[in-house]
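**Q** Below you will find the structure I want to go over with you.
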Amino acid sequence: MCDYSLHHVKARPAKVGDKLTARDFGLGTRGFAASEDANVAVCVLPGTELCFAVEVTFASWHERVIKYRTAIFRQINLDKRWTHHDALEFPDGEIMLLTYLMEGQQATVLQLPATAVGSKLPQPLTYVLLPS
């Protein structure tokens, strides 16, 4: 998914093998940009596994390095409409908001989440691409 503040940005869904770059889209949040076009947000489904090129660095009040290079994309605080939802969960269970990810970090989509037939889990959204 893409955080609420990225809904007005040209976007596309993530695919396995995508090379993503953390980017500030100038709308109050950071997200992942497509390698082929830095102005296109790549919307990642909850449960997607990512591998970062280097240890992950976040900055909110101070810079912090997470000693892992893999994470699972999650959505949190869904009951709070006007807050950031996109987050990364690391192997030790720590969860960090994606909006605090330092700009320029690169990640590769390793695996998309599986949804069983008949599952009550939300299905992937259909994305409408805005004209450039």
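The values are calculated or read from the model by the stated rules, or taken from the named source; none is laboratory data. Since we're looking at a predicted model, the values are computed, not measured. Using ideal geometry, Cβ is built from the backbone for each residue, glycine included, and neighbour counts are taken over all protein chains shown.
**Q** Give segment 64-82 a look and list any residue that's under 22 Å from A14 (Cβ atoms) and in a loop (DSSP other than H, G, I, E, B), or say none.
**A** Y68, R69, I76, N77, L78
**Q** While we're looking at this one, here's another question. Filtering segment 38-51 down to residues that are assigned to a loop (DSSP other than H, G, I, E, B) and in contact (Cβ under 8 Å) with a residue 60 or more places away in the chain, which residue is farthest from the chain's Cα centre (by Cα)?
**A** The residue in question is N39.
**Q** Can you tell me which residue within segment 76-88, out of those that are within 11 Å of the chain's Cα centre (by Cα) and free of Cβ contacts under 8 Å to residues at least 40 places away in the same chain, is surrounded by the fewest Cβ atoms within 10 Å (Cβ to Cβ)?
**A** A87
Table: residues versus (1) touching a Leu at 6+ places or on another chain (Cβ under 9 Å); (2) surrounded by 11 or more Cβ atoms within 10 Å (Cβ to Cβ); (3) at pLDDT 90 or above.
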| site | (1), (2), (3) |
| --- | --- |
| V56 | yes, yes, yes |
| R74 | yes, yes, yes |
| F90 | no, yes, yes |
| L110 | yes, yes, yes |
| T126 | no, no, no |
| L129 | no, no, no |
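**Q** Tally time: how many residues in segment 18-37 are touching a helix residue (DSSP H, G or I) at 6+ places or on another chain (Cβ under 7 Å) and in a loop (DSSP other than H, G, I, E, B)?
**A** 4
**Q** Sort out which residues of segment 16-33 are in contact with a Leu (Cβ under 8 Å, 6 or more places away or on another chain) and under 12 Å from A107 (Cβ atoms), and write them in order of number.
**A** Across segment 16-33, the qualifying residues are L20, A22, G31, F32, A33.
**Q** Would you point out the residue of segment 20-37, among those that are out of contact with any strand residue (DSSP E or B) (no Cβ under 6 Å at 6 or more places or on another chain) and surrounded by fewer than 18 Cβ atoms within 10 Å (Cβ to Cβ), that is nearest to F90 (Cα to Cα)?
**A** Per the stated criteria, the residue is G28.
**Q** Ok, one more. Among (1) touching a residue at least 40 places away in the same chain (Cβ under 8 Å); (2) within 14 Å of L101 (Cα to Cα); (3) in a loop (DSSP other than H, G, I, E, B), there is one condition W61 misses while meeting the rest; what is its number?
**A** Of the numbered conditions (1) touching a residue at least 40 places away in the same chain (Cβ under 8 Å); (2) within 14 Å of L101 (Cα to Cα); (3) in a loop (DSSP other than H, G, I, E, B), the odd one out for W61 is (1).
**Q** Would a scan of segment 98-106 turn up a residue that is aromatic (F, W, Y), touching a residue at least 40 places away in the same chain (Cβ under 8 Å), surrounded by fewer than 15 Cβ atoms within 10 Å (Cβ to Cβ) and in contact with a Phe, Trp or Tyr (Cβ under 8 Å, 6 or more places away or on another chain)?
**A** Looking through segment 98-106, none of the residues is aromatic (F, W, Y), touching a residue at least 40 places away in the same chain (Cβ under 8 Å), surrounded by fewer than 15 Cβ atoms within 10 Å (Cβ to Cβ) and in contact with a Phe, Trp or Tyr (Cβ under 8 Å, 6 or more places away or on another chain).
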